[in-house]
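A short write-up of the structure that comes next.
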Amino acid sequence: MRKFFIIPAFFVSSLIGSAQPSPDYTSIKLEAKEDYTADVDKAALQAARLLLSTPGNDRDVSRLAAAQFLIRWMSGTPTYTFTLDERAGKFAKDDLLIVYMAAMVKYSLEHPADSKMEKVVQLNAVKGLLDYCRQFEVKMTGELKRLNAANEKGELEKYLGK
């Protein structure tokens, strides 16, 4: 009986020990080109992943800090360029805009060879947004519903005109 408790306790402690703590996003300086290091890019990826893996919540301080940092990073990074066109405003309203932005960052940082291809980044960001909506059961309306239907038919790229 004792072995039964030791094995699960060891397993749980190894999972907890391997989790990466979130950086203190407010302390990351982003004032000059030299501030945008590989470590700062890793923090941006971590912020994007946090935003994509947690439901929207105005009271979640770590989520708000990650969102603020991500916006600062996107605005100043000399390596990556992000375009939010008027179409994004039609389907990524309110809280979903930061999710869409996080999906853009995540895709760009995980696929640096594709990061200069604006249409590829936007297509994959839409897919990331739709995955988020399904995962957290976000009610889809209007353009978001049409994007989801096109995605389900395998016609998202065509629908977006990409």
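Run the 1.4 Å probe and let me know the accessible area of Ser27, rounded to the nearest 10 Å².
We get 80 Å² for Ser27.
For the chain, which DSSP H helices look membrane-span-like by this rule: Cα extent along the axis of 18 Å or more and mean Kyte-Doolittle of at least -1.0?
Passing helices, by number: 2-18, 38-53, 61-76, 95-110, 118-135.
Students often forget the sequence filter, so: which lysines lie under 21 Å Cα-Cα from Lys116 once same-chain residues fewer than 8 apart are removed?
Lys33, Lys42, Lys106, Lys127, Lys158, Lys162
Only one of the listed values, (1) 47, 41, 27; (2) 61, 42, 33; (3) 80, 39, 36, was derived from the coordinates as Cα extents along the principal axes in Å; which label is it?
(2)
State the extension gain, in nm to one decimal, for the chain segment bounded by Ala113 and Ser62, taking 0.36 nm per residue of separation less the distance between their alpha-carbons.
15.4 nm
With each pseudo-label sitting 7 Å past Cα toward Cβ, what's the Asp131-Lys42 distance in nm, one decimal?
If labels sit at Asp131 and Lys42, their model points lie 2.2 nm apart.
Probe radius 1.4 Å, ligands and nucleic acids ignored: give me the carbon and sulfur share of the accessible area of the range 44-98 as a rounded percent.
51
D for the range 73-162, whole µm²/s, Stokes-Einstein with Kirkwood Rh over alpha-carbon pairs at 4 °C and 1.567 mPa s: what number?
98
Count neighbours as other Cβ atoms within 10 Å of each site's Cβ, and list the trypsin sites (Lys or Arg not before Pro) in the range 63-154 that are DSSP loop with at most 16 such neighbours.
Loop-located and lightly packed - Lys93, Lys116, Lys139, Lys153.
The values are calculated or read from the model by the stated rules, or taken from the named source; none is laboratory data. Bear in mind that the values here come from a model prediction, so they are computed numbers and not experimental data. Cβ sites come from the backbone with ideal geometry, for glycine too, and all protein chains shown count toward neighbours. What goes into the accessible areas is simple: the full protein's heavy atoms, side chains included, and nothing from ligands, DNA or RNA. Shrake-Rupley method; radii C 1.70, N 1.55, O 1.52, S 1.80 Å.
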